[in-house]
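Asks: Please read through the structure below; I'll follow up with questions.
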Amino acid sequence: MSVPWWLPIRSRRGASLAGAALAGTALVAPQTLFAAGMHGANTSHIVVIGKPTSQQDPLTYLADQESYAKNGLVTWQGNVRVWQGDHALRADTITYDRNSGVLAARGHVALVEPDGTTTYADYLEFTHGMHDGIGTAIYIRMQDNAKLAGNGLRRTNGALNDLSHAVYTACEICEKNPDAPPFWQFQAYNATQDVQHKRIEFDHAWLKMLGYPVFYFPFFSMSDPSVKRQSGFLMAGLSPHDRFLGTYFTLPYFWAIDNQQDLTVRGLVSSHTGPEITAQYRNRLNFGNISILGGVAYDTNDGTRYVNAFGNSVGATDEYGIQGYVFAKGDFSINRNWRAGANINLASSANYMRDYRVQGYGMETLNSNVYLEGFGVGSYARVDMQAYQGLNQGVISNADLPFVLPRFSYSFQGQPDALGGRLSIQTTDFDVYRSKGVSDQRGQFAAQWDRPFRNSLGQQWLLTARVDSTLYNASHLYQQPLYAQTGGSHVTGQVLPTIALKMNWPFLRTFAHGHGSQIFEPIAQIIAAPNTGNSTNRNMPNEDSLSYEFTDSTLFSLNRYLGTDRLDGGLRANVGIHQNWIWNGHSVEMLVGESIQEHITHNRIPYSGLDHHLSDPVGSLRVSPNQYVDVTARGRYNPWTHQVDYGEGLLSTGIPMLRLTAGYVYAPVTPYYYYATNYIQSGPNAPYLVKTNEVTAGFSAHWRNYHASAYSRRSLSRKEFVANGGTIGYANDCFGLDIMYIKQYTRIGGQQRNTTVMFNFTFKTIGTFGING
């Protein structure tokens, strides 16, 4: 049966949000919020009602019993259900006065809104359909299981809902003791929920933790829990102390421009330096996404002179005043095979990034690139351009850094051919420009054919034929990073054909009464190539082979340089033994081997491990006796000097609730500094000759709702820490607290940041705010 509603609607305008925000705090939700459950409450907060009803919508009802009175009163009893539009009402008894248009519901009253919100009450009374009304003993369950309760409710225009003596929480209520207060709750004198603008506002609200008041808000505004994105102020931040900022305050504003783009603007005011304003624009398109982050500030922290790692006095006199940065990123899909993008990172100075806590401080360079890449069946192509900005100007000058304009890469791997082999090709071509240093253009092409096979003895063979070819046009070879004994421009190149045959011969046996297995696998390889004498003094550019890695992981590689500007030539053989034991939850794996070379290049990078016909032995060992311990070690030993020229180890041990890790790395030099000065004329510089001798340690633990972790990294050779940090926290269904400690010892501009301590508080359905110090 349907009953029409024809009565007019009164209108009511809500209070000005801008004016109200001046009296307290306003919060919005720029992203999805989460909540927990609740089983009962005598007090509450406010809720999402959803799409307002229309008084023009007809009323439909079902009831077990129906009675009519002469005075126009209709009574429905027994599991009564009433629908108007997308709203549904259920009660034990509902009366409808035809004369006044008042509908009253009593007994187990439940009102279900279109968004799933359910309002429970002892009594609800509506006029104009479900458009206007009042109620008592209100309890509302919202999206994400947030809860609201109040002594009374007044609904106006189907858009504003006022609750008196309201309480809001997203915490679970204890089943054993329902009268116990939730972990946290907002308790307010009254609350108003604006359905149209998806806002919930509280007047004279207390934040209570475990029933105890901890903070008072004369006015508090937040987004509806159903809101994914909404314009408004985000959580303000206050940090009591920072080395460069002093005491500083931040206030962000989020603008949801439309469904696909938004803008966040943040202001920062500090006691030690000038103000800063930052903005982030995001746009998620159908074919890609754009993110632009930038900031501008007036930095009053004047840089001072200092002595860098090479003993030079360096000044930083222009890294103050008006400063700024731009970090922009975009990725776009052109079609199913091609995509393009850009990643632009620029900053006026590293000191500005340090002073204002700009992300990226501590890195040596800021990298920027623009690219186009394509994907095919077994193929990949990419064209990009790259640029670099040096942050640590005392060590890296922008004039020394290259521009790659452009670089082209292509790789292809074919299907097995008629001979059972597989052909792959690869090329990387580029133009590198330096205002101070080697500038060069390279064309490179490599083709490789692999043919695996096996014989009746169980031997696994791999026959490889490869040819590498490179053509260069270079200038200023006498400058960094080559420091060649020549000047002018040069056109040069190299062609290196290589034939390799590798044999793996695995033997398998069982032990421990059939519960264990052992693999014993001798490995042998022979590689034949022309002796090209690819050493550090060749007058060819070197952009991608600045380091040499001879370890167990590269023992059987055709080329042990990282790139192709330098190639391993000559006749050599590689031998090794791989073994693996697994039994009853225990495992041991090891690999040892070395290389035999016909030709020796005496002027490789120092400590390469290849200074004799018989190389330094290399090996690795992994031992996991049970689920509680895992140890991995690898290294390279020099039998002529009786020293370890490279070594590293990693230990992980513990139970699921507590895990300990430790690591160690050693090298007789610090390879990053090798090309910083003219190593050919004056030999390796002092920073290069400092040993790499570092140890790291850390742990992570979690027990019930608590978690903690810590790490430390220390340079034993330099007798100083590199970085320390840790986190301790608590989290339950509706609240999270994390206290983080960070200490970085990286020096840029002659100074480093002090210790940072951060407190992050997370209230589900409301948001996260933090305090930095």
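Asks: Can you tell me which residue among Ser435, Ser517, Ser456 is within 39 Å of the chain's Cα centre (by Cα), among the small types (Gly, Ala, Ser) and farther than 18 Å from Arg566 by Cα?
Replies: Result: Ser435 is the single residue among Ser435, Ser517, Ser456 that is within 39 Å of the chain's Cα centre (by Cα), among the small types (Gly, Ala, Ser) and farther than 18 Å from Arg566 by Cα.
Asks: Only one residue in Asn392, Asn398, Asn367 is of a type outside the set (D, E, K, R) and in contact (Cβ under 8 Å) with a residue 60 or more places away in the chain, so which one is that?
Replies: Result: Asn392 is the single residue among Asn392, Asn398, Asn367 that is of a type outside the set (D, E, K, R) and in contact (Cβ under 8 Å) with a residue 60 or more places away in the chain.
Asks: Please give the number of the condition Pro541 fails out of (1) out of contact with any Phe, Trp or Tyr (no Cβ under 8 Å at 6 or more places or on another chain); (2) modelled with pLDDT under 95.
Replies: So the condition that Pro541 fails would be (1).
Asks: Please go through segment 497-526 and give me each residue that is modelled with pLDDT under 95 and in contact with a Gly (Cβ under 7 Å, 6 or more places away or on another chain), ordered by number.
Replies: Thr510
Asks: Is it the case, given these coordinates, that Asp132 is among the charged types (D, E, K, R) and within 30 Å of Cys734 (Cβ to Cβ)?
Replies: On the way: among the charged types (D, E, K, R): yes; within 30 Å of Cys734 (Cβ to Cβ): no.
Spelling it out, it is not the case that Asp132 is among the charged types (D, E, K, R) and within 30 Å of Cys734 (Cβ to Cβ).
Asks: Return the total of residues in segment 582-613 being touching a residue at least 60 places away in the same chain (Cβ under 8 Å), buried (at least 18 other Cβ atoms within 10 Å of the Cβ) and part of a strand (DSSP E or B).
Replies: 1
Asks: Do you know which residues across segment 81-107 are free of Cβ contacts under 8 Å to residues at least 24 places away in the same chain, of a type outside the set (Gly, Ala, Ser) and touching an Asp or Glu at 6+ places or on another chain (Cβ under 8 Å)?
Replies: Arg106, the sole residue that qualifies.
Asks: Of the residues Ala146, Ala159, Ala110, which is free of Cβ contacts under 8 Å to residues at least 60 places away in the same chain and buried (at least 17 other Cβ atoms within 10 Å of the Cβ)?
Replies: Checking each option against the conditions leaves just Ala110.
Asks: Quick check on segment 312-343: of everything there that is aliphatic (A, V, I, L, M) and over 30 Å from Ile771 (Cα atoms), which residue is surrounded by the most Cβ atoms within 10 Å (Cβ to Cβ)?
Replies: Looking at residues that are aliphatic (A, V, I, L, M) and over 30 Å from Ile771 (Cα atoms), I get Ala316.
Asks: Follow-up. Go through Phe183, Phe220, Phe202 for me and flag whichever is of a type outside the set (Lys, Arg), touching a residue at least 24 places away in the same chain (Cβ under 8 Å), under 29 Å from Leu737 (Cβ atoms) and in contact with a His (Cβ under 8 Å, 6 or more places away or on another chain).
Replies: Every option except Phe202 fails the conditions.
Asks: Something else now. If a residue counts only when it is over 30 Å from Met590 (Cα atoms), which strands (runs of 3 or more DSSP E) contained entirely in segment 463-571 have at least 2 such residues?
Replies: 489-504
Asks: Could you tell me which numbered condition Ser409 fails, if it satisfies all but one of (1) over 29 Å from the mean Cα position of the chain (by Cα); (2) at pLDDT 95 or above?
Replies: Unmet for Ser409, out of (1) over 29 Å from the mean Cα position of the chain (by Cα); (2) at pLDDT 95 or above: (1).
Asks: Enumerate the pairs (first residue in segment 637-666 and touching a residue at least 60 places away in the same chain (Cβ under 8 Å); second residue anywhere and of a type outside the set (Gly, Ala, Ser)) with beta-carbon separation below 6 Å, excluding pairs fewer than 6 apart on the same chain, so at least 6 apart or on different chains.
Replies: These pairs meet every condition: Tyr646/Arg636.
Asks: In segment 219-231, what count of residues is obtained for those that are surrounded by 21 or more Cβ atoms within 10 Å (Cβ to Cβ), outside any loop (DSSP other than H, G, I, E, B) and touching a helix residue (DSSP H, G or I) at 6+ places or on another chain (Cβ under 8 Å)?
Replies: Residues flagged as surrounded by 21 or more Cβ atoms within 10 Å (Cβ to Cβ), outside any loop (DSSP other than H, G, I, E, B) and touching a helix residue (DSSP H, G or I) at 6+ places or on another chain (Cβ under 8 Å) within segment 219-231 amount to 1.
Asks: Does Tyr675 satisfy the criteria of being assigned to a strand (DSSP E or B) and surrounded by 18 or more Cβ atoms within 10 Å (Cβ to Cβ)? Talk me through it step by step, then tell me what you get.
Replies: On the way: assigned to a strand (DSSP E or B): no; surrounded by 18 or more Cβ atoms within 10 Å (Cβ to Cβ): yes.
Judged against the criteria, Tyr675 is not a match.
Asks: Counting just the residues of segment 135-146 that are over 22 Å from Ala104 (Cβ atoms) and either aromatic (Phe, Trp, Tyr) or assigned to a loop (DSSP other than H, G, I, E, B) (or both), which one comes out nearest to the chain's Cα centre (by Cα)?
Replies: Ala146
Asks: Another question, then. Somewhere in segment 429-452, is a residue in a loop (DSSP other than H, G, I, E, B) and modelled with pLDDT of 95 or more?
Replies: Checked against the condition, which is being in a loop (DSSP other than H, G, I, E, B) and modelled with pLDDT of 95 or more, segment 429-452 yields no hits at all.
Asks: Of all residues in segment 264-288, how many are farther than 19 Å from Val358 by Cβ and crowded, with 16+ Cβ neighbours inside 10 Å?
Replies: Going through segment 264-288 one residue at a time, the tally reaches 1.
Asks: Only one residue in Val377, Val314 is β-branched (Val, Ile, Thr) and over 30 Å from Tyr745 (Cβ atoms), so which one is that?
Replies: Val377
Results for (1) outside any strand (DSSP E or B); (2) in contact with a strand residue (DSSP E or B) (Cβ under 8 Å, 6 or more places away or on another chain); (3) farther than 12 Å from Tyr61 by Cα, shown as yes or no for each residue.
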{"position": "Gln77", "(1), (2), (3)": "no, yes, no"}
{"position": "Ala88", "(1), (2), (3)": "no, yes, no"}
{"position": "Ser100", "(1), (2), (3)": "yes, yes, yes"}
{"position": "Gly133", "(1), (2), (3)": "no, yes, yes"}
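Asks: Can Leu238 be described as in contact with a His (Cβ under 7 Å, 6 or more places away or on another chain), outside the structural domain of Ile173 (by TED's automatic domain parsing) and at pLDDT below 95?
Replies: Judged against the criteria, Leu238 is not a match.
Asks: Same structure again: I need the full set of residues from segment 702-745 which are under 23 Å from Phe769 (Cα atoms), part of a loop (DSSP other than H, G, I, E, B) and aromatic (Phe, Trp, Tyr), in order please.
Replies: none
Asks: Just to be sure before I move on: is Asp616 charged (D, E, K, R), outside any strand (DSSP E or B) and under 19 Å from Gly649 (Cβ atoms) in the structure I sent?
Replies: Yes, satisfied.
Asks: Inside segment 161-208, can you point out the residues that are more than 20 Å from Ala137 (Cα to Cα) and β-branched (Val, Ile, Thr)?
Replies: Selection gives Val195 alone.
Asks: Right, here's the next one. Could you list all residues from segment 147-177 that are part of a strand (DSSP E or B) and among the small types (Gly, Ala, Ser)? Full working, then the answer.
Replies: First pass over segment 147-177, keeping only residues part of a strand (DSSP E or B): 147-156, 160-169.
Once the filter is applied, which keeps residues that are part of a strand (DSSP E or B) and among the small types (Gly, Ala, Ser), segment 147-177 yields Ala149, Gly150, Gly152, Ser164, Ala166.
Asks: Could you list, in sequence order, all residues of segment 708-730 that are loosely packed, with under 15 Cβ neighbours inside 10 Å and within 24 Å of Leu658 (Cβ to Cβ)?
Replies: Once the filter is applied, which keeps residues that are loosely packed, with under 15 Cβ neighbours inside 10 Å and within 24 Å of Leu658 (Cβ to Cβ), segment 708-730 yields Phe721, Tyr730.
The values are calculated or read from the model by the stated rules, or taken from the named source; none is laboratory data. Please read all numbers here as calculations on a predicted model, not as lab measurements. Cβ atoms come from the backbone with ideal geometry, glycine included; neighbour counts cover every protein chain shown.
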